[in-house]
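K.L.:
Please find one structure pasted underneath; my questions will follow.
The values are calculated or read from the model by the stated rules, or taken from the named source; none is laboratory data. The structure displayed is predicted, hence computed values, not measured ones. Cβ placement follows ideal geometry from the backbone for every residue including glycine, while neighbour counts extend to all protein chains displayed.
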Ligand SMILES: *Cc1c(COP(=O)(O)O)cnc(C)c1O
């Protein structure tokens with residue numbers, strides 16, 4: 001607390017990101033980073049951009065990158081907005097579309113940054129409980145005769161990893177045709193179905209994706225939104241009141257090269273999905289319940305062992321996983337799918353802890 005803080009700052013509860021410990025031999029399975037990193041072409045493009053001209057401001061509209069992203073998704077460049085990580089894109093979307101003086105609907109178990117943005121922008125939130133099996137019940141987002149400020153859902157959801165089929169997303173879009181429905185697809189490349197294909201029929205849909213997970217570029221900070229030109233213009237208006245240059249030259253060049261290295265992208269996603277199968281089977285053999293994941297992490301609980309204690313015990317063995325001290329999920333661990341070797345090591349250490357007893 002400080003007397004210099006505004007009333008707003010005094011009441012903020014910032015998001016707490018996963019630890020970034022820098023220890024030798026650390027197995028880092030706590031922030032859903034990609035163990036394979038970006039394609040070599042990305043590093044070459046960044047080095048090239050560096051030699052060119054860091055003296056000059058970057059393109060404020062990131063036009064070349066937006067064209068590349070548009071081509072990748074089969075949309076037009078006016079339908080693409082880019083930002084400094086999808087977290088920034090999400091924040092701008094909250095400011096642009098959800099300040100309606102009405103409750104924003106989101107699942108009770110979801111990305112814990114959403115309530116933080118809502119608080120920052122004074123948006124009331126109404127959480128909708130997920131089912132007992134952690135699936136999302138779309139019909140529970142209806143409010144006959146009522147109104148809402150919008151809807152935000154991560155698909156696949158975080159931190160459960162569970163995916164919602166596109167026909168359910170479409171039902172949601174039809175429930176609220178006059179409100180923005182934001183679908184956060186941070187993990188869609190690991191086996192989910194993208195809602196981008198629904199854009200032509202639903203001008204209220206905003207899809208947000210990131211290069212942090214599937215493209216191994218969490219450190220470069222590039223995310224984007226795809227939507228109708230009107231929604232993209234709304235985001236651009238907020239951006240123009242906030243930071244003209246959210247993406248630096250290195251980020252624009254590296255991101256563009258990532259989309260050009262498509263074979264690398266698909267191969268590494270495939271490898272993560274294969275490791276996910278082995279990790280899930282291994283955890284189940286040790287007695288864990290593992291939710292069905294379409295992401296690059298699994299969400300698992302052990303019927304006999306406390307999750308916080310397990311996370312602590314793993315940390316003492318130089319393995320980081322994520323534990324959320326939150327209602328309904330405080331007995332779960334969120335474990336990022338690492339390389340095959342990292343997953344084996346995790347399973348070995350858990351076996352040594354005799355979790356199967
Ligand atoms: C990781 C994550 C993000 C943020 O990604 P950045 O692009 O790195 O900011 C957004 N949404 C969800 C659900 C995530 O898990």
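K.L.:
Return yes or no: is residue 293 within 15 Å of the ligand (Cβ to nearest atom), outside the structural domain of residue 156 (by TED's automatic domain parsing) and in a loop (DSSP other than H, G, I, E, B)?
P.N.:
It is true that residue 293 is within 15 Å of the ligand (Cβ to nearest atom), outside the structural domain of residue 156 (by TED's automatic domain parsing) and in a loop (DSSP other than H, G, I, E, B).
K.L.:
Considering every residue within region 175-183, establish whether at least one is away from the ligand (no atom under 14 Å from the Cβ) and within 15 Å of residue 73 (Cβ to Cβ).
P.N.:
no
K.L.:
Restricting attention to region 205-229, and to residues there that are more than 16 Å from the ligand (Cβ to nearest atom) and surrounded by fewer than 23 Cβ atoms within 10 Å (Cβ to Cβ), which single residue is farthest from residue 296 (Cα to Cα)?
P.N.:
Among residues in region 205-229 that are more than 16 Å from the ligand (Cβ to nearest atom) and surrounded by fewer than 23 Cβ atoms within 10 Å (Cβ to Cβ), the one farthest from residue 296 (Cα to Cα) is 229.
K.L.:
Quick one: in region 69-83, of everything that is in contact with a strand residue (DSSP E or B) (Cβ under 9 Å, 6 or more places away or on another chain) and part of a helix (DSSP H, G or I), which residue is farthest from residue 215 (Cα to Cα)?
P.N.:
Restricting to residues being in contact with a strand residue (DSSP E or B) (Cβ under 9 Å, 6 or more places away or on another chain) and part of a helix (DSSP H, G or I), the top hit is 79.
K.L.:
Which of the residues belonging to region 298-346 are within 23 Å of residue 135 (Cα to Cα) and not in a loop (DSSP other than H, G, I, E, B)?
P.N.:
If the condition is that a residue be within 23 Å of residue 135 (Cα to Cα) and not in a loop (DSSP other than H, G, I, E, B), then 298, 299, 300, 301, 307, 321, 322, 332, 333, 334, 335, 336 are the ones that fit.
K.L.:
For region 114-131, how many residues meet the condition of being under 12 Å from residue 153 (Cα atoms) and within 12 Å of the ligand (Cβ to nearest atom)?
P.N.:
Number of matching residues: 1.
K.L.:
Cβ-Cβ distance below 6 Å, separation of 6 or more or different chains: which pairs start in region 103-125 with a residue that is more than 20 Å from residue 160 (Cα to Cα) and in contact (Cβ under 8 Å) with a residue 60 or more places away in the chain and end on one that is assigned to a loop (DSSP other than H, G, I, E, B) and more than 16 Å from the ligand (Cβ to nearest atom)?
P.N.:
Here the result reads none, with nothing in region 103-125 linked to a residue that is assigned to a loop (DSSP other than H, G, I, E, B) and more than 16 Å from the ligand (Cβ to nearest atom).
K.L.:
While we're looking at this one, here's another question. With respect to residue 76, is the statement that it is more than 21 Å from residue 196 (Cβ to Cβ) and either crowded, with 24+ Cβ neighbours inside 10 Å or away from the ligand (no atom under 16 Å from the Cβ) (or both) true?
P.N.:
Answer is no for this residue.
K.L.:
Go through 63, 42 for me and flag whichever is surrounded by 21 or more Cβ atoms within 10 Å (Cβ to Cβ) and closer than 22 Å to residue 209 by Cβ.
P.N.:
Every option except 42 fails the conditions.
K.L.:
So, residue 28, is that one touching a residue at least 24 places away in the same chain (Cβ under 8 Å), under 25 Å from residue 326 (Cβ atoms) and surrounded by 11 or more Cβ atoms within 10 Å (Cβ to Cβ) or not?
P.N.:
It is true that residue 28 is touching a residue at least 24 places away in the same chain (Cβ under 8 Å), under 25 Å from residue 326 (Cβ atoms) and surrounded by 11 or more Cβ atoms within 10 Å (Cβ to Cβ).
K.L.:
When region 226-252 is examined, which residues are found to be within 22 Å of residue 43 (Cβ to Cβ) and assigned to a helix (DSSP H, G or I)?
P.N.:
249, 250, 251, 252
K.L.:
Given the residues 20, 100, which is the only one that is at pLDDT below 95, part of a loop (DSSP other than H, G, I, E, B), exposed (fewer than 15 other Cβ atoms within 10 Å of the Cβ) and touching a strand residue (DSSP E or B) at 6+ places or on another chain (Cβ under 9 Å)?
P.N.:
From the options 20, 100, the qualifying one is 20.
K.L.:
If you don't mind, another one. May I ask you to verify whether residue 42 is in a loop (DSSP other than H, G, I, E, B) and closer than 30 Å to residue 341 by Cα?
P.N.:
no
K.L.:
Looking at region 314-332 only, could you name the residues that are more than 16 Å from residue 303 (Cβ to Cβ), buried (at least 18 other Cβ atoms within 10 Å of the Cβ), in contact (Cβ under 8 Å) with a residue 60 or more places away in the chain and under 20 Å from the mean Cα position of the chain (by Cα)?
P.N.:
Answer for region 314-332, where residues must be more than 16 Å from residue 303 (Cβ to Cβ), buried (at least 18 other Cβ atoms within 10 Å of the Cβ), in contact (Cβ under 8 Å) with a residue 60 or more places away in the chain and under 20 Å from the mean Cα position of the chain (by Cα): 320, 321, 322, 324.
K.L.:
Let me ask you something else. Which residue pairs have Cβ atoms closer than 6 Å, lie 6 or more positions apart in sequence or on different chains, and pair a first residue in region 175-189 that is touching a residue at least 24 places away in the same chain (Cβ under 8 Å) with a second residue that is away from the ligand (no atom under 12 Å from the Cβ) and part of a helix (DSSP H, G or I)?
P.N.:
From region 175-189, the pairs are 175/141; 180/97; 181/172; 181/173; 183/195; 189/269.
K.L.:
For region 93-113, how many residues are within 13 Å of the ligand (Cβ to nearest atom) and more than 20 Å from residue 17 (Cβ to Cβ)?
P.N.:
Final tally of qualifying residues: 1.
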